[in-house]
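Report on the structure given below.
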Amino acid sequence: METTAATDRAAPAAARRLVRLPGGGRARRVAAWCALVTLAVVSVVLGCRAMDTDGVTPVPQLLAFLPWLLVPALLGLLLSVAARWPLGCGWALLAAVVTGWFIQPYGPGPAAAPHGPVVARLRVLTANLEFGRATDGLLAALRRERPDVVSVQECDDTCADALRSPAVRRAYPYRDIVTGSPAEGSAILSTHPLTEERGVEGELSMPGAAARIGGATLRLQVAHPMPPMPGQLGVWRTELGRLRAYAAGRGGRPTLIAGDFNATQDHAAFRALLDTGMRDSARAAGVPRTPSWPDTTAPGLSAQIDHVLVSDALRPRTARFLDLGDTDHRALLVDLDLHAR
């Protein structure tokens, strides 16, 4: 009985030693506290991702760069080893494993071809011009790549004038250009006849249209919700929610939403949009998580926030990210097959 009692007393004591921060020297204590703070921040972000919520600032901003959480997780591991803190080591390894799990592309991969025949092959380009600065790069890409449908964001007055030039009119006789502040302007260009439709409401213009292609009607929608800035998370969620409602209300109509979504697959608001059955073309074409922003200011620390989302009638074949120059975004060029219903 005395041996059993001693064992019972020793077990809680061992557990307390495992959990508590180590002592035994200032350097070890500092390393342990640094590990604790680092791993706590990582865990809050991963916890929000696991609970399918975007949380509050700074969680949405950090979620955009979720794969980079591997860096502080491994730093936490090194600090825990230096501090000789077993719980910290296990905590850091778990955080790294969970981050690795979430890095996997979200949503289905390449889809089987729809049952209907291919009625058209389309090339779609989406580009954020950063206040119109990349207008020349866009025009060069139009001449070089010859997309059939173009979604333009942050098109200032100079950009709008360029898109109304005779050369662009000849290449794209159908267009819907909305002007405003340099960040607000947007445009849809098409080689196919367009019917203007009411776009999704937002602080930044998001025009919509319907294109008649190969006997089918394709719904087109520019995406440019407000970014998740501190103090504006409600606007960001609301506008992504409106894009989700647009996607969910498509019925059986072929639908394409292209633009700067200011969101990645690690944001719950964007995953909710994908959960309507829309397919991310870059994911389907085998290039998920390819960075698209910020391309100029921090190319090594980038996220994919520019997307082309398509309904089941559209099958992505290829997707490429293009450098236009003079913008912090990379453009996205997607080749698609449009199938009859």
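If you go through the stretch 102-122 one residue at a time, how many are outside any helix (DSSP H, G or I) and under 21 Å from the mean Cα position of the chain (by Cα)?
Here is the first cut: in the stretch 102-122, the ones outside any helix (DSSP H, G or I) are 104-122.
Narrowing further to those that are under 21 Å from the mean Cα position of the chain (by Cα): 104-111.
Going through the stretch 102-122 one residue at a time, the tally reaches 8.
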Check whether at least one residue in the stretch 25-43 is under 21 Å from ASN262 (Cβ atoms), at pLDDT 95 or above and part of a helix (DSSP H, G or I), and report yes or no.
no
Can you confirm whether VAL150 is open to solvent by less than 10 Å² (accessible area, probe 1.4 Å) and touching a Phe, Trp or Tyr at 6+ places or on another chain (Cβ under 8 Å)?
yes
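Could you tell me which of the residues ALA35, ALA50 is aliphatic (A, V, I, L, M) and open to solvent by less than 40 Å² (accessible area, probe 1.4 Å)? Walk me through it before giving the result.
Working: ALA50 fails: open to solvent by less than 40 Å² (accessible area, probe 1.4 Å).
Only one candidate passes the filter, namely ALA35.
Do we have any residue at all in the stretch 90-110 that's surrounded by fewer than 23 Cβ atoms within 10 Å (Cβ to Cβ), among the hydroxyl-bearing types (Ser, Thr, Tyr) and closer than 27 Å to ALA31 by Cα? Lay out the reasoning, then the answer.
The first filter runs over the stretch 90-110 and keeps only residues surrounded by fewer than 23 Cβ atoms within 10 Å (Cβ to Cβ), leaving 90-91, 93-94, 96-110.
Still in the list and also among the hydroxyl-bearing types (Ser, Thr, Tyr): 99, 106.
With closer than 27 Å to ALA31 by Cα added as a condition, the list becomes 99.
Yes: one or more hits.
Has the stretch 67-77 got any residue that is open to solvent by 30 Å² or more (accessible area, probe 1.4 Å), under 23 Å from LEU273 (Cα atoms) and not in a loop (DSSP other than H, G, I, E, B)?
Looking only at the stretch 67-77, we keep the residues that are open to solvent by 30 Å² or more (accessible area, probe 1.4 Å), and these are 67-68, 70-72, 74-75, 77.
From what's left, under 23 Å from LEU273 (Cα atoms): 67.
Now drop any that are not not in a loop (DSSP other than H, G, I, E, B), which leaves 67.
Yes, some residue in the stretch 67-77 is open to solvent by 30 Å² or more (accessible area, probe 1.4 Å), under 23 Å from LEU273 (Cα atoms) and not in a loop (DSSP other than H, G, I, E, B).
Just a yes or no: is a residue in the stretch 270-279 without any contact (Cβ under 8 Å) to a residue 24 or more places away in the chain and either of a type outside the set (Gly, Ala, Ser) or part of a loop (DSSP other than H, G, I, E, B) (or both)?
Step one: filter the stretch 270-279 for residues without any contact (Cβ under 8 Å) to a residue 24 or more places away in the chain, giving 275.
Narrowing the set further to residues that are either of a type outside the set (Gly, Ala, Ser) or part of a loop (DSSP other than H, G, I, E, B) (or both) leaves 275.
Yes: one or more hits.
Each row is one residue, and each column tells you yes or no for (1) over 13 Å from LEU39 (Cβ atoms); (2) at pLDDT 95 or above; (3) polar (S, T, N, Q).
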{"site": "GLY88", "(1), (2), (3)": "no, yes, no"}
{"site": "ALA92", "(1), (2), (3)": "no, yes, no"}
{"site": "GLY107", "(1), (2), (3)": "yes, no, no"}
{"site": "ALA112", "(1), (2), (3)": "yes, no, no"}
{"site": "ASN128", "(1), (2), (3)": "yes, yes, yes"}
{"site": "ASP136", "(1), (2), (3)": "yes, yes, no"}
{"site": "GLU145", "(1), (2), (3)": "yes, yes, no"}
{"site": "ASP148", "(1), (2), (3)": "yes, yes, no"}
{"site": "ASP157", "(1), (2), (3)": "yes, yes, no"}
Of the residues LEU332, LEU324, LEU338, which is over 19 Å from PRO228 (Cα atoms), open to solvent by less than 10 Å² (accessible area, probe 1.4 Å), touching a residue at least 40 places away in the same chain (Cβ under 8 Å) and more than 16 Å from the chain's Cα centre (by Cα)?
LEU338
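The values are calculated or read from the model by the stated rules, or taken from the named source; none is laboratory data. Please read all numbers here as calculations on a predicted model, not as lab measurements. Heads up, the Cβs are rebuilt from the backbone with ideal geometry, glycines too, and the neighbour counts pull from every protein chain shown. Quick note on the areas: whole protein, heavy atoms, side chains included, nothing else; ligands and nucleic acids left out. Shrake-Rupley method; radii C 1.70, N 1.55, O 1.52, S 1.80 Å.
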